[in-house]
Amino acid sequence: MQRAELLEKVIHSGIVAVVRAENAEEALKSVEAIVAGGIKSIELTYSVPQANEVIAKLAQKYAETDVIIGAGTVLDTVSARLAILAGAQFIVSPCFSSDVAKMCNLYQIPYVPGILTPREAQIALEYGSELIKLFPGDIAGAKMIKDLKGPFPYLNILPSGGVSTENVGQWLEAGAVAVSAGSSLTSPAKQGDFAKITANAKEFVQAFERAKG
């Protein structure tokens, strides 16, 4: 039941913000700015230094809110388990890993693997992934979603890579249940402009709501 509830929260949020940062402080400030802009799902990547500590701080800070904290760029079972124990509520990988899938199933945590082919989609489904990440989205394109939903009409797809406020509508029209936004949302962090990140988040939320109609 826990996994289903967490998955529903991710999908219902509509937008997953992918946070990469050069240090823990930048990551924490970026997440705060994103949440201030109205985005509720956060994917804190393992490329962030001290990612486990950052996830733990975020999980504690937003424990009594509707914000959901996940871990991204999870490549192995050790990272997956550490992230889950730190408080991550969903796990995202750039590609499918059967071992990571089993670890997430064990802890009843949603596993969102990156896929690019029908075969990869089938394998992910066989291991219980109810939401998959179409990655890289800018290479696959929105039409790929329609193609995948031919043989897999029940597949929940989250495009990642190349998603912007300008094309959110195209992804949703193609059948995406939510979208994943990274550099187009968080790039101002490099200049320390976290207010711009909040503004970007608000624009994404508005674009998503317009697209949903």
Quiz prompt | Solvent exposure, largest accessible area first (probe 1.4 Å, DNA, RNA and ligands not counted), of 104, 95 | solution = 95, 104
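Order 187, 41 by their accessible area, 1.4 angstrom probe, all chains in place, largest first. Intermediate results must be reported in sequence, preceding the final value.
Details: 187 55, 41 0 Å².
My answer, sorted largest first, is 187, 41.
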Quiz prompt | Per-residue HN-Hα couplings for the range 38-49 [Karplus 6.51, -1.76, 1.60; θ = phi - 60°; Hz; x = Gly/Pro] | solution = x, 8, 9, 10, 10, 10, 8, 7, 6, 7, 7, x
Quiz item: Non-local amide H neighbours of residue 16 (under 5 Å, H modeled in plane, Pro and chain starts lacking H): which ones?
Solution: 179, 180, 181
Quiz prompt | Orientation-averaged projected area, Cα convex hull of the range 46-85 (nm²) | solution = 2.7
Quiz prompt | In order through the range 112-123: 3J(HN,Hα) via Karplus (6.51 cos²θ - 1.76 cosθ + 1.60), integer Hz, x for Gly, Pro | solution = 10, x, x, 9, 9, 10, x, 4, 5, 4, 5, 4
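Hey, what's the Cα Rg ratio for the chain versus the globular rule of thumb, 2.2 N^0.38 Å? Intermediate results must be reported in sequence, preceding the final value.
Numbers: Rg = 15.7 Å, N = 213, 2.2 N^0.38 = 16.9 Å.
That ratio works out to 0.93.
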Quiz item: Relative contact order of the range 125-213: what whole-number percent is it, with Cα pairs under 8 angstrom and at least 6 residues apart?
Solution: 26
Quiz item: Computed on alpha carbon atoms, what radius of gyration and Dmax characterise the range 1-57, expressed in Å?
Solution: 12.0, 36
Practice problem: Sort 9, 146 by accessible area with a 1.4 Å probe, largest first. | Solution: 146, 9
Quiz item: For the chain, with every protein chain kept in place, what is the accessible area per residue (1.4 Å probe, Å²)?
Solution: 45
Quiz item: From the residues 116, 30, 139, which one has its Cα farthest along the dipole of the range 1-142 in the positive direction, the dipole being from +1 and -1 charges on Cβ of Lys/Arg and Asp/Glu about the Cα centre?
Solution: 116
Quiz item: Given H placed 1.01 Å from N in the peptide plane, which residues other than close sequence neighbours of residue 48 have an amide H under 5 Å from its amide H?
Solution: 21
Quiz item: Using the beta-carbon distance between residue 95 and residue 24 and R0 = 35 Å, what value does 1/(1 + (r/R0)^6) give for FRET efficiency, to the nearest 0.05?
Solution: 0.85
Self-check item: Rounded to the nearest 10 Å², the accessible area of residue 75 at probe 1.4 Å
Solution: 110
Quiz item: Quick one: Cα centre-to-centre distance for the range 86-120 and the range 156-213, in angstrom?
Solution: 22
Practice problem: Describe numerically, in nm with one decimal, the distance between label points set 7 Å from Cα along Cα→Cβ at residue 147 and at residue 173. | Solution: 1.9
Quiz prompt | Test item: Cα-centred dipole of the range 75-213, Lys/Arg +1 and Asp/Glu -1 on Cβ, debye | solution = 120
Self-check item: Inter-label distance, nm, simple model (7 Å from Cα along the C-beta direction), residue 117/residue 66
Solution: 4.0
Quiz prompt | Heavy atoms of residue 154 accessible to a 1.4 Å probe, total area in Å² rounded to 10 | solution = 150
Exercise. Keeping all protein chains in position, work out how much accessible area residue 198 exposes to a 1.4 Å probe, and write it in Å² to the nearest 10.
Key: 30
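The values are calculated or read from the model by the stated rules, or taken from the named source; none is laboratory data. Just so you know, these numbers come straight off a predicted model, no measurement behind them. Cβ sites come from the backbone with ideal geometry, for glycine too, and all protein chains shown count toward neighbours. For accessibility, only protein heavy atoms count, side chains too; no ligands or nucleic acids. Shrake-Rupley method; radii C 1.70, N 1.55, O 1.52, S 1.80 Å.
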